[in-house]
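The structure under discussion appears below in the form of structure tokens.
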Amino acid sequence: MEHLTISANGAKFHLVRAGSGKPLLLLHGWPEFWLTWEPVISRLSDRFSLIAPDLRGFGDSDKPDGPFGPDGHAADMLALMEALRIDRFGVVGHDVGGAVMQPLARQAAGRLAGLFFFDFVYPGIGPRMAAPDRLNHIWYQSFHQMEMAPALVGASRESCRLYISHFLKGWAHRTDAFDDVLDAFADNFFKDGNLAGGFAHYRASHAGRVAMMKGEAPKLPPIEVPTCVRWAEHDPLFPYAWTDRLGETFADLDLAMFPGVGHFPHREDPDRAASEIATFFQRIGWS
């Protein structure tokens with residue numbers, strides 16, 4: 001794997017690049033950074049050229065000055081791929097990465113060979129996200145918007161590790177999925193600016209999520225790019241039942257349950273995750 005720092009869209013981005021073949025852009029979620037993809041990268045590098053950046057605010061990429069959401073990340077990623085001289089590519093994303101892929105596909109559908117999603121937020125979830133029995137699952141989205149949040153979580157390395165591990169273990173079905181990298185994740189988020197940088201996504205996304213929870217999300221035409229969604233069977237954050245309206249957002253949809261995992265299929269079962277990714281891109285002729 002090669003570590004690079006690339007200037008694009010007025011910022012510097014850290015990324016890892018590995019393998020050879022058709023390019024795939026891997027977009028992480030929260031609380032993650034490029035390292036979350038390492039097991040998948042090692043399993044796909046013989047078939048694809050893999051680009052795993054740290055989104056702005058995360059890892060070793062530059063930090064935003066304030067709220068920074070999916071539209072900004074999408075513009076960053078288009079500029080990053082231009083800087084790498086990659087015109088057409090496939091995209092794989094999860095969580096925040098999945099939120100970024102939607103405006104990315106609307107801004108530059110012609111550059112995208114296909115979209116592969118693990119669990120993520122999309123408009124069809126609607127008011128279900130704020131149902132009374134879900135409130136204990138989404139509290140962090142409000143907390144992350146508070147000015148004190150980075151200082152509280154980052155008061156010590158141990159408090160940072162405790163907070164990050166709460167989600168990496170609590171959202172996983174195979175709760176040991178991150179055990180081998182937990183210290184690396186804690187150290188990464190304890191770096192200057194990385195807690196606030198990740199929280200910037202929630203500050204920027206708040207108005208759109210409130211509109212979604214009210215059932216007032218803007219009606220947009222469905223995305224035409226070939227799309228594959230593999231949604232975890234045991235995700236405590238985003239239940240599989242919430243996939244029922246994906247067809248309203250994606251016109252060309254291949255949806256199936258990903259069995260035996262929680263919120264992080266790519267870490268909990270990387271063998272199957274890599275196989276599902278490769279199979280989809282092979283089916284659409286991008287391999």
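The values are calculated or read from the model by the stated rules, or taken from the named source; none is laboratory data. Note that the structure is a prediction, hence the values are computed from the model and not measured. Don't worry about glycine lacking a Cβ; one is built from the backbone with ideal geometry, like all the others, and counts go over all protein chains shown. With ligands, DNA and RNA removed, areas are computed over all heavy atoms of the protein, side chains included. Shrake-Rupley method; radii C 1.70, N 1.55, O 1.52, S 1.80 Å.
A few points about this structure:
- Residue among 230, 209, 267, 203 that is more than 27 Å from residue 130 (Cβ to Cβ), basic (Lys, Arg) and either touching a residue at least 40 places away in the same chain (Cβ under 8 Å) or part of a helix (DSSP H, G or I) (or both): 267
- Within the range 128-161, tally of residues that are part of a helix (DSSP H, G or I) and under 30 Å from residue 215 (Cα atoms): 16
- Boolean, residue 230 is out of contact with any strand residue (DSSP E or B) (no Cβ under 9 Å at 6 or more places or on another chain), more than 27 Å from residue 67 (Cβ to Cβ) and surrounded by 19 or more Cβ atoms within 10 Å (Cβ to Cβ): no
- Check on residue 32, open to solvent by less than 70 Å² (accessible area, probe 1.4 Å) and modelled with pLDDT of 95 or more: yes
- Index of the failed condition, residue 87 passing every other in (1) in contact with a strand residue (DSSP E or B) (Cβ under 9 Å, 6 or more places away or on another chain); (2) open to solvent by 40 Å² or more (accessible area, probe 1.4 Å): (1)
- Segments classed as strands (runs of 3 or more DSSP E), wholly inside the range 13-93, with at least 1 members that are under 24 Å from residue 195 (Cα atoms) and touching a Pro at 6+ places or on another chain (Cβ under 7 Å): 48-53
- Filtered by the rule that a residue be open to solvent by less than 40 Å² (accessible area, probe 1.4 Å), farther than 19 Å from residue 284 by Cα and not aliphatic (A, V, I, L, M), the range 106-131 gives 119, 120, 122, 124, 126.
- Residue 203 being touching an Asp or Glu at 6+ places or on another chain (Cβ under 7 Å), open to solvent by 50 Å² or more (accessible area, probe 1.4 Å) and modelled with pLDDT of 95 or more: no
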